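Asks: Got a structure for you, questions after.
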Amino acid sequence: MFWLLDFFLKKRYSRLIHRLTAFEDLQKKTLNSIIEKNKSCDYLISHGVTTIDDFKKLPLAHYENFEKKILTLNTSEKFSLSTEKIIACSKSSGTTSTSKWIPQSKKNIYYNYKAGFDLLSSYIFHHPKSRITAGKNFSLTGSYEDKNGLIVGDISALIAYYLPSIFHFFRVPSKEIALIKDWDKKLDALIPKLIQSDIRWIAGVPSWIKVIIDRIEFQTQKSILETWPNLEVFFYGGTDISIYKKQFDLLFRNRVVYWQTYNASEGFFAMQIAPDFSDMALMPDYGMYYEFMSISSNQIILSKDLKIGDKYELILTNACGLWRYRIGDVVEITHKNPLKIRVIGRTKHFINAFGEELMIHNVEKALEMLNQEIAFEISHYTVAPKIDENQKGYHEWLIEFKVPPYDLTAFEKKLDSILQSLNSDYKAKRNHDFVMKNLQITSAKDGQFEKWLRTQNKLNAQAKVPKLSNDTIIFEEILSIAQ
């Protein structure tokens, strides 16, 4: 079975590249299929959309525009956004107080399995001696609930719930353990199984994979590569790996490959297709039609007119009821054919309280650069704008250090200096302390961020703490958590 699967995956890569270079044709077919399937749904009828030529009649929309209609899925009312049979909703962990329910059809969930094959084919093509398919894989999953016959949970839980039986042979843990709702009980059942398994590849959000590895090492009193000597690759997504990479390099001793993915509650969007690149190919045939709104002009730009280096807000349409949906992610174009992107931030996750326009990619790069000069390890952090008693602005960082820097004052000054070098707007506002003064860091207690996630009912495999906020609400909530 190992050699047969390997042969299949290597052959698949050439077809993958062909699909990627036919991006515009496949996207046109995707949109035409979405409209054709749904032209009798109330939403399209109300906007006079019957063909692909009518598509631009639909307004750009946020989740709030769809929420009431989506929640009818939990009742006997007709679903007005789609004619597709919706079998589940992926529950976005998000960073807002309420979770989003994203409608999922059987076919939409299937695209995640298709993505898995494409991901493995890319890796194995570039690592022909790989033997990852000869062992097991591990990906951390969330949990689900049955809401009147509608399965609602993290997208990772839905993928595990509907996973075809044949794939369970390659996976650890069992479906029963993977879908345990209580986080602590799940870990108690999960860790012994992982210790006993021949794990060849892992997948998940870096911060939570680090939690799992730390627990395994603590319980076994061995390095992770002693427990998993055949571990080859870490497929990561959800957050940037830069602030964790030094920690993983020490754990993996430079023997494990990092391979990036871009998937979300809405679907699987992009993946790395070659080694030594920080960008990912946008996938044209996973049931998603993409539009690109220029950050500089707010104009919708066709894929053929995208410019390398320019930044765009990603807008999605699928057959399950998301119509010109503003997902909130900002991407930078790095290559045209195939179309490759780099995720650089969120439209809602930035700080621009004083005109500094600080984006998450500035922060992640600054921490990565600083870690080359100063030894430290971070578990979690969040940043908020503050104003001191003299009405001077500044950014306050709340950081939960795994390994704190030796000199926190020097750390603050150097981090601020690096941010100025990376962001001209930030530098201008910091000039002579006229508008903003040097950033300040407050050290969080161990487990403080995890406790905040518990209070938000977001302690799960997909949970992400918002790193940048344009107000102090989340910062103060985490700070107020009692140890």
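Each reported figure results from applying straightforward, stated rules to the coordinates on display, with no laboratory input. What you see is a predicted model; the values in this text were computed from it and never measured. Here Cβ is always computed from backbone atoms with ideal geometry, including for glycine, and neighbour counts include all displayed protein chains.
Asks: In whole angstrom, how far apart do the alpha carbon centroids of the range 221-236 and the range 106-123 sit?
Replies: 24 Å
Asks: Determine the equivalent ellipsoid of the range 185-328 by diagonalising the alpha-carbon gyration tensor, then write out the semi-axes as square roots of 5 times the eigenvalues, largest first, rounded to whole Å.
Replies: Sorted largest first and rounded, they come to 36, 17, 13 Å.
Asks: At R0 = 22 Å, how high is the FRET efficiency between THR220 and ASP184 if r is their beta carbon distance? Nearest 0.05 is fine.
Replies: FRET efficiency, THR220 to ASP184: 0.70.
Asks: If the reach is capped at under 21 angstrom between alpha carbons, list the lysines near LYS336, excluding any in the same chain fewer than eight residues apart.
Replies: Output for LYS336: LYS28, LYS29, LYS304, LYS307, LYS311.
Asks: Return the distance in nm (one decimal) between the two label points of a simple spin-label model at GLU373 and ALA428, each offset 7 Å from Cα along Cα→Cβ.
Replies: A separation of 2.4 nm, rounded to one decimal place.
Asks: Then there is this: Provide the FRET efficiency to the nearest 0.05 for the THR50-ILE308 pair, computing r from the beta carbons and using R0 = 51 Å.
Replies: Between THR50 and ILE308 the formula returns 0.90.
Asks: Given the options ASN362, TRP452, SER480, identify the residue whose Cα lies farthest towards the positive end of the charge dipole of the range 350-480 (+1 on Cβ of Lys, Arg; -1 on Cβ of Asp, Glu).
Replies: Sorting the options by dipole projection puts first TRP452.
Asks: Separate question: So for LYS304, LYS437, fewest C-beta neighbours within 10 Å to most, what's the order?
Replies: LYS304, LYS437
Asks: Over all alpha-carbon pairs of the range 1-346, lay out the pair-distance distribution in 10 Å bins, whole %, shortest bin first.
Replies: Here the calculated profile for the range 1-346 is 5, 24, 33, 25, 11, 2, 0.
Asks: Another one. Can you tell which of LEU26, HIS62, THR50 lies farthest toward the positive end of the dipole of the range 1-62, using +1 and -1 charges on the Cβ of basic and acidic side chains (Lys, Arg; Asp, Glu)?
Replies: LEU26
Asks: What fraction, in whole percent, of alpha-carbon pairs in the range 127-202 exceed 21 Å separation? Walk me through the intermediate numbers first.
Replies: Values: 881 of 2850 pairs.
Looking at the range 127-202, the distances longer than 21 Å represent 31 percent of pairs.
Asks: At 0.36 nm per residue, and after removing the present C-alpha to C-alpha distance, how many nm does the segment from TYR110 to LYS386 gain when stretched out fully? Present the calculation step by step, with values, prior to reporting the outcome.
Replies: Numbers: separation 276, 0.36 × 276 = 99.36 nm, distance 4.54 nm.
In short, 94.8 nm is gained.
Asks: For the pairs LYS114/LYS186; LYS69/LYS106; LYS136/LYS185; LYS365/LYS464; LYS414/LYS464; LYS129/LYS181, flag any whose C-alpha to C-alpha distance is greater than 30 Å.
Replies: Values: LYS114/LYS186 27 Å; LYS69/LYS106 20 Å; LYS136/LYS185 22 Å; LYS365/LYS464 18 Å; LYS414/LYS464 26 Å; LYS129/LYS181 38 Å.
LYS129/LYS181, as the Cα separations exceed 30 Å there.
Asks: While we're on this one: What is the dipole size for the range 1-346, taken about its Cα centre, with +1 at each Lys and Arg Cβ and -1 at each Asp and Glu Cβ, in debye to the nearest 20?
Replies: 600 debye
Asks: Still on this structure: Anything in the chain that counts as a DSSP H helix reaching 24 Å or more along its axis (C-alpha) with Kyte-Doolittle mean of at least -1.0? List them, would you?
Replies: Span-like helices, by this rule, are 2-21, 106-126.
Asks: Taking the range 219-302, which trypsin sites (Lys or Arg not before Pro) meet the DSSP loop condition and have no more than 14 other C-beta atoms within 10 Å?
Replies: Working: sites: LYS222, LYS245, LYS246, ARG253, ARG255; in loops: LYS222, ARG253, ARG255.
For trypsin sites (Lys or Arg not before Pro) across the range 219-302 that sit outside H, G, I, E and B with at most 14 neighbouring Cβ atoms in 10 Å, the list reads LYS222, ARG253, ARG255.
Asks: Could you calculate, for the range 1-143, the ratio of the Cα radius of gyration to the Kirkwood radius, expressed as Rg to Rh?
Replies: Working: Rg = 19.5 Å, Rh = 18.5 Å.
Here the Rg-to-Rh quotient is 1.05.
Asks: Where does the Debye-calculated log10 I(q)/I(0) of the range 350-480 sit at q = 0.10, 0.19 Å⁻¹, using only Cα point scatterers of equal weight, no solvent?
Replies: -0.31, -1.13
Asks: Which value results for Rg/Rh of the range 146-240 when Rg is the Cα radius of gyration and Rh the Kirkwood radius based on the inverse mean 1/r?
Replies: Computed over Cα atoms, the ratio is 0.97.
Asks: Fewest to most neighbouring Cβ within 10 Å: what's the order for THR30, THR21? If you can, show how the numbers build up before the last one.
Replies: Numbers: THR30 20, THR21 15.
Ranking THR30, THR21 by Cβ neighbours within 10 Å, fewest first, gives THR21, THR30.
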